[in-house]
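Have a look at the structure below before the remarks.
The values are calculated or read from the model by the stated rules, or taken from the named source; none is laboratory data. Given the structure is predicted, the values throughout are model-derived calculations rather than measurements. All Cβ positions, even for glycine, are placed from backbone atoms using ideal geometry, and neighbour counts span all protein chains on display.
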Amino acid sequence: MFLLIKLNFKYNGSDESEDVIQRIALQVWSELKNTPEYVVKLAVGLDSRVDKVIETLDLRSQGVRFLGIHGTPGIGKTTLAKAVFNKLVVKFKHRCYVSNVREQLCTKEGLMGVQDKLISDLSLKTMLPVKEDNVVNRQKIKMIINVNRVLVVLDDVSEAGQLEKLGIVREWFVDESRIIVTSRNVNVLHDFALNDRELYEAEELDPGESLELFSIHALGRTDPTQEFRDVSERIVSLTGGLPLALEVFGSSLVKKTKKEWEDALMKLKTFRPSNLQQVLKFSYDGLDDQEKTVFLDLSCLLIQMNLKREDVVDILEGCGLRAELAIGNLVTKSLLKITKDKELWMHDQIRDMGRQIVIEESFQDTGERSRLWDYEEIMHVLRHENVTDAVRGIVLDIEKPPLCSLVIKSYWNNFKRNPGISTFVRYVKEKFKGLLSQHLTDEDQKPALQTIWFKKMVHLKLLQINYANLQGNFKYMSSELRWLQWKGCSQKTFPATMPEQIRVLDLSESRIEHLWYSDQACWGFNFNKVVGNLVVINLYGCPCLKALPDMSGHRHLKKLTLELCMGLTKIHESIGNMSSLVHLNLRRCSNLVDFPRDVTGMKGLRELLLSECRKFTGLPHDVRSMTSLIQLHLDNTAISELPEYLFHLSQLEDLSLQSCYQITRLPEEIGSLISLKKFSLSHTNLKELPVSIGSMTSLEELSLYSCSSLTALPESVGRLKSLTELHLNSTSIQELPSSICALSCLKVLSLEMCHSLVKLPDSVAGLASIVDLKLTNTPIKSLPDDIGCLKFIEKLEMTGCSFLEKLPESIGKMSNLTRLTVAGADLIQLPESIGELENLTWLNLNNCQKLCSLPESIGSLGSLCVFMMEETAVTCLPESFGLLGDLRVLKMKKSSNKLARLSELPASFCKLSNLEEFDARTCGICGQISNDFNKLSKLEILNLGYNDFHSLPVTLEGLSALQKLLLRNCTELRSLPQLPSTLVELNAADCYELMCISDLSNLERLQEIQLANCNKVIDVPGLECLKSLRRLFMGGCNKAIKSAVRRRLRKATLRNLNNLSVPGSEIPDWFSQAAVTFAAHPNLAIKNVIVALVVSVDPRVLDEIRVHQYPGITDIQACIFRLGEPIFRTTLYLMGVPRTQEDQLYMCRFKAYNPLVSLLKGGDIIKGEWRRGTVTGIEIKSQKPSICIPEATELFSLHGSMMSKVLQQL
């Protein structure tokens, strides 16, 4: 398919706000994606293995590289894969790490859950997966990886066909992509690997490494003491060098005597473990009975739910276990870990060991086992009533049904995308089912379970039946049941005959309307016994719940969660008398207005959460009765003042009033909250803080950001001796009180966007513990001299401090400073002492337009990795610059004509042997660049655009890592020397004097060439050999180049070309005079869409184009219209703005997997459109599209021959 548009346009410099926002969002997402995967601390021997893997991947080589990591379970495959990913993440814009693929494919989301992450991460959140359509998702993945250089790591793949099902097909990846897959089974990797060199067997730790890791976990040191050395070496010799075994076994011996170590060694020798499971079982055998029970409950039932530690403790303590103590011991013995989010995590090998113990209880009869977790096995034993009294726990999580309205809408959207009789019938069918379902109960729509199936399980204590339809008399349920999780419960009222001993009840996301009635009784059953034993009730997300019953019978209830119960308008008065209640969560109950007036009985309440109850106006006056209250969150409520009795809460530690816009003042009594540790008042209209705030001697974090009416802090703030974080961003504070310097524990002080703050206190040295000081966008003029006394500071951020004229000499004393940002300051020079910052890794001086020179001491920054000095007036780099041995990134771009240019680079510059990116655009580099440039052997990106040199070093070919060479608008450059074979992108657009280009035939990896407006170039030698070439831009060139290109470009090269621009305006024969309407061919699929357009530039704006340095045309889109509505649009990649009035032809090719092709259906219309953006005045004068469905034998060569015809007709 082809589309031609003739355009005439002129430019202006305005961007659409939507485009700006999108670019910012993408940049933020890209930065967030730099966050590495968590790798276990103290990973002995990891660095050398990471280096070996990266060496095998050979990032400098062409083509797609795959590496399959295999090895014994517990040997560290996942840890190695994560560490490699972390080290490579900064080198790939598009990257994705998928953990536990084997387990994820067994979850409800399954294949599409993994595809979702791949699509989201690799597309930088610009593309969404299609739910319930893994075929379309495969095409989306193909579209991404076929045009982007990506890094993909898939951990724990278990079957050979899984990669292809996901959309990980080797042939789809663009060159230089890297794929890493870990698997326990090497045979899984053989189908993807080309040879054995692409397989890496994870190595066991050598004896020295094994001893070190064991000693760390057993003795807390890297080397055993003399007393334990011999026995340590003997134990290590029996564990096989497996990191997990060494960690677990070592942890089991913590604080044990040497005699106990010897006994453990004897046991280990007795059964001589042949595999990891046996070593782990040894640690399990050392647990007491309660710890074993807790371990098996976790490994078989609870660990897969990603529960918080406190929730697991509630469940297991409800079963009469000492859960807190047991979990602590399991963590100590490395059988369990607590994540940073306080969730429980267990290594899959340890989990499998626990499950194997339960399986061995009865190999043949599943119903004889104590714990059941497999869906198919559970349904089988229940339906055949093949269960016994041995069963202690069952977890059965049936998939949550989708909302009917969303399902119907999705079928309607599918019909609109694919109009036809079949899609219409499916829509009508679902619509009918939806109408029918309105008359069906939830029981008719969910898998049915009969209560009588549970009759034999008399010792059942733990039961999860999420989204199940449980039918029958609940008297058959075990009287010992302690935990019931029934998410999606379809009952309108909780069944009255539930077992009396239930301690934890989770009915979240249910349609329950009434919890129960206070006088409820059924079949002679005393319901008060049930409510009297309940400890935890979770009703999260129950929108139909309108009210709570009388709760006075809940003598033991500790936690009540009612978050997102949007039907609740008030809380029953009986809540106020519940002395047992510890946690009450009412977050996002958006219609809640009233709270019990009498709360005198809530003496045990520790956490009260009312955030986003937007209609809630105030707490009861006798809130002082809540003497145990520790956490009170009132964010985003309609509260206007705090009750005076609140200040009697002497135990309160966390008070949040964020976004309570009606609060303008705090009473003096606030200082009575002497236990308060965290206080958030951000986004309020607070005008001042009371003096009494200084009495909060326990306060650790005070947040006041965006309190725009706040102009000052009281002097008493200096008495906050425990304060570690103070956030004053976007306040109107004019001056900090001098007493603030008495805050010796303060670590973070954030003053960003304080537009009235002009200076810091002189005695800032008192902030001895400061680690992070943020002064971005403040009118501060100078830093106090004693700021150098901040010995622990690591980050000093001063971006946009446009009045800052100098840095004090004492700044060199900040020995721990790693990041210094002074972008946009009024600096004239840097202090000589800056060279003393031996730990500085990041220095940003961008837009310091008065900075004329750098001190000679700059070369002493031995740790500096990133140096940003764009838009400065620096004209000469000191000779010591070459001593920056760790420098990786150097950016010196100048775009303003007012800035003095760089005279020359120092002779030592070529000593920057680790430099990877150098940007010196518009720096005024002239004459000839030194031939020593080839010593920058690690350079990957070199941008010398807008400079005045006439030749490049003849040794440029020696830059063996160079991938991008950007020379745009080097108007004096006359020739290009031999270039390195690693080059991927060459941009020499607007090099008006360029005449000679060396032979490019060795550049097998070259994908893009930009030669727009190179009028004197008449040939591109070696063009015919560029197998990887995808984009060729020669708009605005001499017309003589057309014949050279036509002669050199072969059909094979043209078939791979996605973008082409050349001088000319002749229209190929196969274009017609109307907007193209697609008609599907019954037997042949269209393979490509080619959009062609002829562009001419209004001569009146040529000068404006040169000033704005536009790299390309960004305002033209190709659109698909269906039934008169646009269903897809994409911006055309049109690089190189012609500097002539003559017509230029641009051609853009879209492959079959691109939505512009794959979404096409019969009757669709494709046409080009102009959108308002950086360019105005575009007029589409004509559109001449044509559709060509080739014969089957012509499909392979069609694109090449048509492109060739285009060139011949020009």
Go through segment 724-753 and give me each residue that's assigned to a loop (DSSP other than H, G, I, E, B) and over 21 Å from Thr776 (Cβ atoms).
Pro737, Ser744, Cys745
Pull up segment 748-797, narrow it to residues that are touching a Cys at 6+ places or on another chain (Cβ under 8 Å) and more than 17 Å from Leu723 (Cα to Cα), then point me to the one that is modelled with the lowest pLDDT.
Ser763
List the number of the failed condition for Asn134; all other conditions in (1) of a type outside the set (Asp, Glu); (2) free of Cβ contacts under 8 Å to residues at least 60 places away in the same chain; (3) within 30 Å of Gln963 (Cβ to Cβ) hold.
(3)
Could you tell me whether segment 992-999 includes any residue that is farther than 15 Å from Leu973 by Cβ and part of a loop (DSSP other than H, G, I, E, B)?
yes
Determine if segment 867-880 includes at least one residue that is without any contact (Cβ under 8 Å) to a residue 40 or more places away in the chain and on the phi > 0 side of the Ramachandran plot.
yes
Output the number of the condition that Lys898 fails; it satisfies all remaining conditions of (1) modelled with pLDDT of 95 or more; (2) among the basic types (Lys, Arg); (3) over 24 Å from Leu952 (Cα atoms).
(1)
Within segment 662-675, does at least one residue satisfy the condition of being of a type in the set (Lys, Arg), closer than 22 Å to Ser716 by Cβ and not in a loop (DSSP other than H, G, I, E, B)?
no
Only one of Asn943, Asn947, Asn969 is in contact (Cβ under 8 Å) with a residue 60 or more places away in the chain and either farther than 26 Å from Asp1019 by Cα or surrounded by 16 or more Cβ atoms within 10 Å (Cβ to Cβ) (or both); which?
Asn969
Can you run down the residue pairs with Cβ atoms below 7 Å, 6 or more apart or on separate chains, where the first is in segment 815-827 and more than 15 Å from Glu870 (Cα to Cα) and the partner is surrounded by 21 or more Cβ atoms within 10 Å (Cβ to Cβ) and among the β-branched types (Val, Ile, Thr)?
Asn816/Ile793; Leu817/Ile793
In segment 1000-1018, which residue that is in a loop (DSSP other than H, G, I, E, B) and of a type in the set (Val, Ile, Thr) is modelled with the lowest pLDDT?
Ile1018
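To keep it simple, each residue is scored yes or no on (1) assigned to a loop (DSSP other than H, G, I, E, B); (2) in contact with a strand residue (DSSP E or B) (Cβ under 9 Å, 6 or more places away or on another chain); (3) of a type in the set (S, T, N, Q); (4) surrounded by fewer than 19 Cβ atoms within 10 Å (Cβ to Cβ).
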site: Glu171; (1), (2), (3), (4): no, no, no, yes
site: Val174; (1), (2), (3), (4): yes, yes, no, yes
site: Ile179; (1), (2), (3), (4): no, yes, no, no
site: Thr182; (1), (2), (3), (4): no, yes, yes, no
site: Tyr200; (1), (2), (3), (4): no, yes, no, no
site: Gly208; (1), (2), (3), (4): no, no, no, yes
site: Leu213; (1), (2), (3), (4): no, no, no, no
site: Pro224; (1), (2), (3), (4): yes, no, no, no
site: Arg229; (1), (2), (3), (4): no, no, no, yes
Testing Leu316 on (1) at pLDDT below 90; (2) buried (at least 19 other Cβ atoms within 10 Å of the Cβ); (3) of a type outside the set (S, T, N, Q); (4) part of a helix (DSSP H, G or I), one condition comes back false. Which one is that?
(1)
Flag if Asn931 is free of Cβ contacts under 8 Å to residues at least 40 places away in the same chain and surrounded by fewer than 16 Cβ atoms within 10 Å (Cβ to Cβ):
yes
Just checking, how many residues over segment 890-900 are more than 14 Å from Leu851 (Cβ to Cβ) and surrounded by fewer than 17 Cβ atoms within 10 Å (Cβ to Cβ)?
2
Of those in segment 242-274 that are free of Cβ contacts under 8 Å to residues at least 60 places away in the same chain and not in a helix (DSSP H, G or I), the residue nearest to Lys337 (Cα to Cα) is Leu253
Just checking, how many residues over segment 873-909 are in a loop (DSSP other than H, G, I, E, B) and acidic (Asp, Glu)?
1
